[in-house]
1. Mind telling me which of the residues 260, 269 ends up being closer than 26 Å to residue 56 by Cα and touching a residue at least 24 places away in the same chain (Cβ under 8 Å)?
2. Under 23 Å from residue 202 (Cβ atoms), within 16 Å of ligand 1 (Cβ to nearest atom) and among the aromatic types (Phe, Trp, Tyr), is that true of residue 269?
3. Can you find a residue in the range 331-351 that is modelled with pLDDT of 95 or more and among the basic types (Lys, Arg)?
4. Among the residues of the range 24-34, is there at least one that is touching a Ser or Thr at 6+ places or on another chain (Cβ under 6 Å) and in a loop (DSSP other than H, G, I, E, B)?
5. Within the range 329-351, is there a residue that is within 16 Å of ligand 1 (Cβ to nearest atom), part of a helix (DSSP H, G or I) and closer than 30 Å to residue 208 by Cβ?
6. Pick out, from the range 76-188, the strands (runs of 3 or more DSSP E) lying fully within it that include 1 or more residues that are free of Cβ contacts under 8 Å to residues at least 24 places away in the same chain and open to solvent by less than 30 Å² (accessible area, probe 1.4 Å).
7. Residues 231, 242, 282: which one is without any contact (Cβ under 8 Å) to a residue 12 or more places away in the chain and either within 30 Å of residue 318 (Cα to Cα) or under 20 Å from the mean Cα position of the chain (by Cα) (or both)?
Amino acid sequence: MREPTSSKLRSVGTTIFTEMTALARRTGAVNLGQGFPDSDGPPAVLAAAQSAIAGGLNQYPPLDGLPELREAIAKTRLDHYGQQFGDIMVTAGATEAIAAVLIALCEPGDEVVVFEPYYDSYLANLAMAGAVRRPVQLRSEGSRFTFDPAELRAAITPKARLLLLNSPHNPTGKVFTREELDLIAQLCQEHDLIAVTDEVYEHLIYDGKQHIPLATLPGMAERTLTISSAGKTFSVTGWKVGWVCGPSPLVAAARKAKQFLTFAGGTPFHAAIAVGLTQEMGWVTRLRDDLQERRDRLRDGLETLGASVYPCEGTYFLQIDARSLGYADGIDLCQDLAVKGGVVAIPAQVFFDDTETGRRFVRFAFCKSDGVLNEGISRLSSFRSR
Ligand code: PMP
Ligand code: GLN
């Protein structure tokens, strides 16, 4: 039989999250790999979903999502960032929003500038769209990750169509600064690029730092699609409620793809997330403070083990340098950690084109309950003595 996978998708493997979560189950290891919280979201949001189901909200929502959710998203973005959008479309998680946007906006052969390491679905979606990625590397410099402006300029060729920005950034935990965003905005305008921003960790930023949506910079609202989701904000990653916001013509293009990916779904969860956004942002602030404390706890544990831990300003994740634990390759460290140490982490090289550089990075998730996180830290400390 002919190779069943089309040439477009041959480079796409099983997601590292599926692989490592399966490894955790097989070995009984503590799962600090896949980024999902193991405690539930706000009780009022959970109750709202249950009463939406009991109340009969069980058929397709409108293609763009329940109006009450779209209004709640509009109001939240206005309150937090002063943003106003031509259009807002609810999607099946940020994942569908990203896929729809890339499929709808890219011609085959168009180039997309993306910061490396990048979230793994970008690679697959760019492959589906027939687009070519142009990675610009984020490097650790002292207390933060940043990029070289000359490398960003060089990555933008005449074939560039779009710039894909993830801030707060998975897996580095970087939050892009105003200065960095100014340069990105300037280059997008100079080269007529559409910006697509993945802001799923917008509310999970630590140490008093602030999230600045790229679309709020002068000249950017008309060329930016802003994507976010409820999964991380309300600890309901399995609900898959996301959204894409921007000028109407850009959202209209994404809608063409989205209507034939899922059409629409998740009606009762739309109703519940509307409750979350209008009534439960205080809960989110407490979640953020709690995650900051967990980040510090995991960092202390990793440092006690002798690991060099990279800075983390936001998200669910901390990265370490595998070399500090005597491993040249993060995959080998993750294998040993799972089998001998009883802890699963993610070898972050899978998020790199430049796997040689990526080999040193290993990512740990700290969005876990006390029991899981403390057990993970305790197992890490005995891993040292092996
Ligand atoms: N972007 C990034 C950077 C992520 O870490 C994730 C995973 N949560 C997603 C997008 C996907 O979001 P969702 O679960 O809402 O589809
Ligand atoms: N976003 C989560 C992470 O980075 C995982 C999402 C997934 O499993 N696809 O760990």
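1. On the way: 260 fails: touching a residue at least 24 places away in the same chain (Cβ under 8 Å).
Testing whether each residue is closer than 26 Å to residue 56 by Cα and touching a residue at least 24 places away in the same chain (Cβ under 8 Å) leaves just 269.
2. Values: under 23 Å from residue 202 (Cβ atoms): yes; within 16 Å of ligand 1 (Cβ to nearest atom): yes; among the aromatic types (Phe, Trp, Tyr): yes.
Taking the combined requirement at face value, the residue satisfies it.
3. no
4. Within the range 24-34, one or more residues are touching a Ser or Thr at 6+ places or on another chain (Cβ under 6 Å) and in a loop (DSSP other than H, G, I, E, B).
5. yes
6. Numbers: elements: 87-92, 111-116, 132-137, 139-141, 144-146, 160-166.
Here the list reads 132-137.
7. Details: 231 fails: without any contact (Cβ under 8 Å) to a residue 12 or more places away in the chain; 242 fails: without any contact (Cβ under 8 Å) to a residue 12 or more places away in the chain.
Only one candidate qualifies: 282.
For (1) touching a Lys or Arg at 6+ places or on another chain (Cβ under 7 Å); (2) under 28 Å from residue 195 (Cα atoms); (3) more than 16 Å from ligand 2 (Cβ to nearest atom), each residue gets a yes or a no:
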| site | (1), (2), (3) |
| --- | --- |
| 272 | no, no, yes |
| 277 | no, yes, yes |
| 290 | no, no, yes |
| 299 | no, no, yes |
| 318 | yes, yes, no |
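The values are calculated or read from the model by the stated rules, or taken from the named source; none is laboratory data. Quantities reported herein were computed from a predicted structural model and do not represent experimental measurements. When we count neighbours, we look across all protein chains shown, and the Cβ atoms used for this are built from the backbone with ideal geometry, even at glycine. To get the accessible areas, we keep the full protein, side chains included, count just its heavy atoms, and leave off ligands, DNA and RNA. Shrake-Rupley method; radii C 1.70, N 1.55, O 1.52, S 1.80 Å.
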